[in-house]
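Working notes for the structure below.
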Amino acid sequence: MRLRLPDYAALITCGNLGPALGMVVVIAVASSAAGVRRVRMIEPFEIFRGRESRDDVLPACRTSRPRHRACLEWTAMPVSDSPAAGERPIDAVHGLDRLREVMLARATLGLSPESLWLAWADWALHLAGAPGKRLELASRLWQALLPAKDDAAINPLARDPRFAAAAWQQPPYRDWALAFQRMEAWWRDATRGVPGTDPHHEAVVSFAGRQWLDTIAPSNLPWSNPEVVTQTVAQGGLNLWRGALHFLDDVRRRSVGAAPEGADRFVVGRDLAATPGRVVLRNRLIELIQYAPTTTQVHAEPILIVPAWIMKYYILDLSAHNSLVRWLVAQGHTVFCISWRNIGEEDRELSMEDYRQLGVKAALDAVGAIVGRGRVHAAGYCLGGTLLSIAAAAMARAGDERLATVTLFAAQTDFTEPGELQLFIDPAQVHMLDSMMWQRGYLSAEQMAGAFQMLQSNDLVWSRVVHDYLMGERAPMLDLMAWNADATRMPYRMHSEYLHRLFLGNDLAAGRYMVDGHPVALQNIRAPLFVVGTERDHVAPWRSVYKIHYLADTDVTFALTNGGHNAGIVSEPGHAHRHYRIATKPADAGCVGADEWKAAATLHEGSWWPAWQQWLARHSTAPMVQPPRMGAPGHRPLCDAPGTYVMQR
């Protein structure tokens, strides 16, 4: 469609953006009754430079990478008549607000400067008005500047993995490391307990300070890290040369969207996601995989796994030795698993309800048709677990009793304490994120990966900088790392609803989350729950996951395992250094606090998988039966596992 200048509702010179971009900018907005339809930012001379007529302005600006660079390299996507949750309909005027956020996000790497400035101003103003706190900090700063007592019985460096090597025990490296630790401790004190400061703002300021301190940590600088110094002297600087080559190779791979070094050794369908099975359902959003049985008898109720769509499903079907799917099949379970499609900009309007209907509901219908028995063990991981809990509550309200049990792996249902992710979740930051998704139609994998890396910068960023770039060595690629590099995209509408309704509004826990025009309540779920939390989870902290005890009116078995959000779940039997705690709260028993539960729960060595499998067996119908056929009329097998959606990039 060729748009003409008379079709435009606004042609506005933006003086605030022009100086920042080094040119005068004109924003042209095409509008209709349905809202903003097309937006371009162009230089004024592009309109009247003589080569094109006035009517040809927009076709000229549609070039994605024009040589003359007059047209900025982006296009705002159309907006639906029905806005995402928490938003008002976007007209031409408010579309300009979105565009401003998009342009600003490009300069700030997606971080809202308003959010950061509000946090800093709140902290700084309250600190300025707290003479007692300032006096306390001055005293602690003086103590930090004094020489540290060298007490051989207490070695604070050994508790910090950055300084655990023996070389850090020698001066001057030990002195530098201790001074840095005292600086970290002082900053932590400075940003906590300031009277009157909003706790969220304190956390943001503390986090920002930690990011800055990490850049000057002795372990991250080549001249103050004794291991790097020793390596450099021994190899005549070749380690730094190799590190520079590693860095350039990583930059090249990132610029072209290639997988990290070594990831190509793990091929999906051969090395990963290789458990035999067939795709028995495919719709716009999912492929449903039915796995082939390996036992002559199986438990009567099948297992349906609902993974998160923030990453590929095969986190639960990694290599043969640590595949949860393969292990469950070997224990005599019929296993189905959803594989989500990697969406594109054309899927911007997919909603949470679409994921429930086309995902969980469609999969349950297909499982019932194939197995021929009514009840199913449903298990959801991370965001998939949150969606499953919503679906289970909606089914309970409707009297649908197909769920024999519900299992939640590292999944939150109450978002009042979502952990460090809340650093990026406040109204200003969500508005910027909404605008970025509005423009692109989805949340990109790079944006999600950047947030997670910042949360664990020492483990995910700086340790790699030291090992790969300063030491000049390549960390071996593991199956979990290869999976982590195979990222996905999140549709605009769904993710906006997730942030507004759950993270900001906490609607599910409050009984305000609407399905089919009615609020759903987790208290209506009568199927017994098995819930898994992980001790070092930065995505779904275990104390937040534990809050399901306060929301459910059914039996809740809670297992707390060591490890993080991914490694704690992928915890196969025989994995070294694994342990877990487990306890069951009957429906009529009283609740206890999370820390009180942890102190009282029984500690077990090894993997939690067998405990879950035994729980599933106890809630399955006896006796065991013949394995069901692969597929059924109306659900004819379409292709071999892992299917086609998992291959999408």
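The values are calculated or read from the model by the stated rules, or taken from the named source; none is laboratory data. Not measured: the values here are computed from a predicted model. Reconstructed Cβ throughout: ideal geometry from the backbone, glycine too, with neighbour counts over all protein chains shown. For the accessible areas, the whole protein counts, side chains as well, though only heavy atoms, and no ligand, DNA or RNA atoms are used. Shrake-Rupley method; radii C 1.70, N 1.55, O 1.52, S 1.80 Å.
Phi-derived couplings, Karplus 6.51 cos²θ - 1.76 cosθ + 1.60 at θ = phi - 60°, listed residue by residue for the range 540-549: 10, x, 5, 5, 6, 4, 4, 4, 4, 4 Hz, with x used for Gly and Pro. Taking the Cα centre of the range 299-409 as origin and assigning +1 to Lys and Arg Cβ atoms and -1 to Asp and Glu Cβ atoms, the resulting dipole is close to 360 debye. With both labels modelled 7 Å from their Cα along Cα-to-Cβ, the TYR550 to ARG397 distance reads 2.2 nm. Counted residue by residue at 0.36 nm each, then reduced by the alpha carbon distance between them, the extension gain from ALA599 to ARG134 reaches 163.7 nm. Taken one residue at a time, the phi angles of the range 500-516 give Karplus couplings (6.51, -1.76, 1.60, θ = phi - 60°) of 6, 7, 9, 5, 7, x, 6, 5, 5, 5, 8, x, 10, 6, 9, 9, 6 Hz. Gly and Pro are set to x.
Straight-line cross-link reach from LYS133 at under 17 Å between alpha-carbon atoms covers no lysines, not counting any fewer than eight positions away in the same chain.
Placing a label point 7 Å from the Cα of ALA164 along the Cα-to-Cβ direction, no residue of the range 601-638 has a backbone N closer than 18 Å.
Between SER457 and ALA576, full extension at 0.36 nm per residue minus the direct alpha carbon distance yields a gain of 40.3 nm. Here's the picture: charge each Lys and Arg Cβ at +1 and each Asp and Glu Cβ at -1 in the range 306-388, and of PHE336, LEU383, VAL306 the one pushed furthest to the positive end of that dipole is PHE336. Close amide H contacts of VAL376 (hydrogens built in the peptide plane, cut-off under 5 Å, sequence separation of 5 or more or a different chain): LEU403, ALA404, THR405. Scoring 491-504, 242-255, 560-573 by mean Cβ neighbours within 10 Å over their residues and listing the highest first yields 491-504, 560-573, 242-255.
Among the protein heavy atoms, those of ASP414 account for about 20 Å² of accessible surface (1.4 Å probe, every chain in place). Less than 5 angstrom separates the built amide H of ALA641 from those of GLY277, ARG278, VAL279, all sequence-distant by 5 or more or on a different chain. Residues in the range 104-259 average 59 Å² of solvent-accessible surface per residue, probe 1.4 Å, ligands and nucleic acids excluded.
Taken over the range 272-376, the convex hull of the Cα atoms encloses 93 Å³ per residue. Segment ASP365..ALA185, full-extension length gain: 59.3 nm, with 0.36 nm per residue of separation and the alpha-carbon distance subtracted. Working from label points 7 Å from Cα in the Cα-to-Cβ sense, the MET514 to THR621 distance is 3.8 nm. A Cβ-based charge dipole, computed about the Cα centre of the range 509-632 with Lys and Arg at +1 and Asp and Glu at -1, lands at about 140 debye. Taking θ as phi - 60° and the Karplus parameters 6.51, -1.76 and 1.60, the scalar couplings of the range 601-609 work out to 5, 6, 8, 10, 8, x, 7, 7, 4 Hz in sequence order, x denoting glycine and proline.
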